[in-house]
Structures are given as C-alpha cells and as structure tokens.
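Remarks on the structure that follows.
The values are calculated or read from the model by the stated rules, or taken from the named source; none is laboratory data. Treat the numbers as computed from the prediction; the structure is a model and nothing was measured. Methodologically, a virtual Cβ is constructed for each residue, glycine included, from the backbone with ideal geometry; neighbour enumeration extends over all protein chains shown. Areas reflect the complete protein model, heavy atoms only, side chains present, ligands, DNA and RNA absent. Shrake-Rupley method; radii C 1.70, N 1.55, O 1.52, S 1.80 Å.
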Amino acid sequence: MSRDDAIPAPGQAGPGSTAPASMDAFWMPFTANRQFRRSPRLLAAAEGMYYRDVEGRQILDGTAGLWCCNAGHARPRIVEAIARQAATMDFAPHFQMGSPLPFELAGRLKELAPRPLDHVFFTNSGSESVDTALKIAIAWHRARGEGQRTKLIGREKAYHGVGFGGISVGGLPNNRKWFGPGLPGVDHMRHTLDIGRNAFSRGLPAHGVELAEDLERLVQLHDPSTIAAVIVEPVSGSAGVILPPPGYLQRLREICDMHGILLIFDEVITGFGRVGAPFAAQRFGVIPDMMTVAKGLTSGCVPMGAVFVSDRVHEAFMQGPEGAIDLFHGYTYSGHPLACAAALATLDVYAEEGLLTRALELEDYWADGLHALRSASPHIIDIRNYGLIGAVELAPREGAPGARGYQVLEQAFRRGLLVRTTGDTIALSPPLIVERRHIDDMFSMLGEVLATV
C-alpha cells in the first residue's frame, strides 16, 4: 500500500491541472457561486491523504473528499480495476439482462452487512438510495395488503439527499423551502442535538434518550396503521455531526417493531468504516429493515449507491407470478460495470488494510486532538466526536450566521487543510488511512485558524 505524501507536480497531473479560462458555465452545487468565483478554491490532483490545488499547494484532506474517499485518493488497485473494466465492458443493461459483476459485488456486500440484510439494490448515489428505500417501504406494505401505510417519518436536522423523497423526510429547512411542499404524509421527530446538556461530550452524549419517545407520539398522532417507515441517520453528518444518546436507536427499533413500521438507517456517511465497524448498525447493535449506502462504497471513485434489504422485505415481492416484474423501479446505471469494479477493488483495499475497523484504533487519539481545540477560541460552543468523525461548533456572529464558519473554511484551505462547514459548524472526517501525524497536522492548522475568527 502506498501512503506517500507526494502528489504529481503541476503540469504532470493531466487534464484539469490548471485553472479554467472561464468559470461561468458550471453552476456549482451547494455553493455561493458568485462568492466562489471571486476567490476560487480549485483542486487539481490527489493522492493518499492529500490534494494539490492548481497553484501547486498541498492540501491535507480532512473530509475524505465529501465524506466518501475512505480509502484515500488515487489508490492504484482501484484505479487499475476501473481502467481494466472500461477496456473490457464499459456498460451493460440490467433491465431483464445481467452481467456478472453486480451479482459478485452484492454477494461481497452481504458478507459485510448485519443479518438479515441479505439483498442489495444498486443505485448511483445516496439520494437515489434514499428514494429507493422509501419506495420499497411503501410498496412492501401494499404487497402485504396494507396499502394504507403510506406515511413516512424523518427527523429534524436530518439530511437524506436531494431527491423529492429525501428532502421531504429530511429536516434541513434550506433544502426544503425552495421546492414546494414535497411528499404528502411526512412528519418529523425532534433531533438529538442538545448543547445545553451535552456540550463538549466525548463520544455519545449522556442526555436525550427520552427523545426517542417523540416517535411514539407521532405514531399515535397519525395512527400506527398508516405509517410505512421511519428513516434516521445513526449519526447525522451533514447537519454537523449529531450523535444519538445511548439507547436512543434501540428504542426507535422497539417502537417500530411494536407498530409494524419499517426502520431505515441512512448510512451514506457512516457506512464503510467511518465509525469503527463496517456499518453503524453493527457498532450500535441495532439492525434496521433497510440500510442506504453510497460514498465509501467505491471510496468516491465512481458514483454508486445501494440499498440493503432484509429477507422479510425482499420475500414479500417474490410472491407473484414468476414472469412478473417484482419491483417497478430502477436506474439505467444500476450496477454499472465500472462502479462495480471500483467497489470490488475498494472492498479488497478495506479488507487487506483493516480500514473498516481502523477508526476504533484511532478514536481516542482523534478525540484527544479534537477536544484540545476547545481553548483555541472563545467562540467555540461545542465539540462532538465519534469514530473518525468530528465537529467544532462556533457561536454565530450577530446578524451573520455562517460567516464565521465560512471564514474557517477559507482560511483553512489557504493554510493547507480541507474542512467541511455547515453554517458555523466545522466538520471533519478524514480518509481512514489517516496516520497520527496527519491528525496532529490537521488539528494544528485548524487550531491556528480558529484562533483568528
């Protein structure tokens, strides 16, 4: 395995290694485009733990790209697998047709997942995975003769992608308010972020398990016989690393079982080693009926997502005539050969290097460095951590929420560190190949920046 810090020098990285002549045509996602064009941050190459920008500066990746490059960047085994597959078969349709790789990959994933999540439906992103899981949940109840179960319950501050299903069950107002009412029949539990009682908790917060009873309240409000599914992130990432109190997820499982409701875990961020186990479901000891994944599935190399489905959910769709399509749903690129090749090689890297449990080995060292930042600025109001995830929450400036967080993002990049911001919360989630020296460098740079804001 190569974890070299060297990145190709400018001019050696191929296409995209220099700044574009114009940036007007590309409408960037989740970006203040006009602000970005005035002071662009352009990445040109990547290897191991580092990016290089178009100016030739080395940038330590504190976010695994966008929570996705768990095996680090430009890993030769993954790169070679993609190139080899592109030269062998670039595309294969999977509507009433098949190719070997999706079957092989699904089998490998089944071995990693908790029982009885034994079936895999492939998508192309976390957003597609969420919408797929929601559709399967509603269709499952209909297949069993309970077609009145169409309501869905999400959670405040949740992020479940950007499809209409995902933004409906999601709980981030800016992701919802621009696009109309969303799906009907959706409600939201309260979130578990409680800075007043849990500020600066190391690991899971002590207080808040009683918030799980909010699900029981909503179930009774809407009538349990009308609810199809509950969807939660075991750890909310995009909202700023919001952690479940001990026993919280277990109680959600109990309430769902009591009322015949499916429980869906959105593990797009927590899947593939981020919290020290292949999936957060295993670390927390709570098994959902379905589980959505993406990001770390291919270590970010090729877009791909998946939905793990339990035996009992899958079996309900296998009861009709043998020649009938059992689920009228899918995507042109479901099980794409290049994505499958990338995923299989990624799983090999994870297995050979022990990356799916590496977060457990580094969790204490990571927590020590993260919580040591508390004294870096009087504006820090909370620090949260679990596995190889961390967040530093800053008090917003009066009349300018998010401005302090953006300043950290900008200054950290100029100093050589990539971080993620959600408003005034700074989030960190490095590639799982991170070494202690990288952690030291990361928190050293971040501490210097926090002292200035």
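Order these peptides, 285-294, 262-271, 104-113, 316-325, by their mean beta-carbon neighbour count within 10 angstrom, highest first. Write down the numbers at each step before the final one.
Values: 285-294: 24.8, 262-271: 29.2, 104-113: 16.8, 316-325: 10.3.
Descending packing order for the listed peptides: 262-271, 285-294, 104-113, 316-325.
What GluC sites (Glu not before Pro) in segment 363-405 are in a loop by DSSP, with at most 14 other Cβ atoms within 10 Å of the Cβ?
Here the sparse-neighbourhood loop sites are GLU398.
Length gain on complete extension for the stretch PHE103 to ARG115, per 0.36 nm per residue less the alpha carbon to alpha carbon distance?
Residue separation times 0.36 nm, minus the Cα-Cα distance, leaves 2.5 nm.
For ARG404, what accessible area in Å² do you get when you roll a 1.4 Å probe over the heavy atoms of the protein chains, rounding to the nearest 10?
Taking all protein chains as shown, ARG404 has close to 20 Å².
For GLU353, put the label point 7 Å out on the Cα→Cβ axis and report which residues of segment 426-449 keep their amide N under 19 Å from it.
Label zone hits: 429-442.
Out of the DSSP beta bridges found with both residues in segment 379-430, what percent are antiparallel (nearest 5)?
Beta bridges within segment 379-430, antiparallel portion: roughly 100 percent.
Where does the charge balance sit around PRO396 when Lys and Arg score +1, Asp and Glu -1, over other residues with C-beta under 9 Å from its C-beta?
Residues close to PRO396 contribute a combined charge of 0.
Multiply the residue gap between GLU315 and GLN35 by 0.36 nm, knock off their C-alpha separation, and tell me the result in nm, one decimal place.
Gain on extension, GLU315 to GLN35, equals 95.7 nm.
Suppose we keep just the alpha-carbon trace of segment 354-416; what are its Rg and Dmax in angstrom?
Just the Cα atoms of segment 354-416 yield Rg and Dmax of 14.0, 47 Å.
Which value in deg cm²/dmol, rounded to the nearest 500, describes the helix-derived mean residue ellipticity at 222 nm for the chain, given -39,500 (n - 2.57) per DSSP H run of n ≥ 4 and division by the residue count?
Details: 16 runs with 160 residues, N = 453.
Only helices count here, giving -10500 deg cm²/dmol.
What distance in nm lies between label points placed 7 Å from Cα along the C-beta direction at ARG144 and ALA25?
In this crude spin-label approximation the distance works out to 5.1 nm.
Please give the contour-minus-distance gain from HIS329 to ALA92: 0.36 nm per residue of separation, less the Cα-Cα distance, rounded to one decimal in nm.
Result for the pair: 83.6 nm of gain on full extension.
If amide H atoms are built 1.01 Å from N in the plane of the peptide, which residues on other chains or at least 5 residues away come under 5 Å of the amide H of ALA44?
ARG52, ASP53, VAL54
Mind listing the phi-derived Karplus ³J(HN,Hα) values for segment 209-226, rounded to whole Hz, using 6.51, -1.76 and 1.60 with θ = phi - 60°, and x for any glycine or proline?
4, 5, 5, 4, 5, 4, 5, 4, 4, 5, 4, 6, 4, 9, 5, x, 6, 9
Scan around GLY170 for amide H atoms under 5 Å from its own, H built in the peptide plane at 1.01 Å from N, and keep only partners 5 or more places away or cross-chain.
HIS160
I want to make sure I understand the PRE zone here: with the label point 7 angstrom from the Cα of LEU360 toward its beta carbon, which residues in segment 261-277 have backbone N atoms less than 19 Å away?
270-277
Once both labels are modelled 7 Å past Cα along the beta-carbon direction, what's the GLU213-GLN250 spacing in nm?
Label at GLU213, label at GLN250, 1.7 nm between them.
Tell me, what is the per residue accessible area of the chain in Å², probe radius 1.4 Å?
Ligands and nucleic acids excluded, the figure is 42 Å² per residue.
Suppose accessible area is computed on protein heavy atoms with a 1.4 Å probe; arrange PHE95, PHE200 from highest to lowest.
Putting PHE95, PHE200 in descending order of accessible area: PHE95, PHE200.
Over the alpha carbons of the chain, what is the largest minus smallest coordinate on each principal axis, giving the biggest first in Å?
Sorted largest first, the three principal extents are 61, 57, 44 Å.
Using a 1.4 Å probe on the protein heavy atoms, what percent of the accessible area of the chain belongs to carbon and sulfur?
Values: 10600 of 18990 Å².
Here it works out to 56 percent.
Which value, in Å² rounded to 10, gives the accessible area of TYR333 with a 1.4 Å probe and all protein chains present?
120 Å²
Considering only the other residues whose Cβ falls under 11 Å of the Cβ of LEU450, what net charge follows from Lys and Arg at +1 and Asp and Glu at -1? Walk me through the intermediate numbers first.
Working: positive: ARG374, ARG404; negative: GLU448.
Once all neighbours under 11 Å are counted, the net charge is +1.
Counting alpha carbon pairs within less than 8 Å and at least 6 residues apart, what relative contact order, in whole percent, applies to the chain?
21 percent
Looking at the chain, send over the antiparallel percent of its DSSP beta bridges, to the nearest 5.
65 percent
For segment 225-343, rounded, prolate or oblate, judged on the Cα gyration tensor with a ≥ b ≥ c (square roots of eigenvalues), a/c < 1.5 rounded, else prolate if a/b > b/c?
oblate
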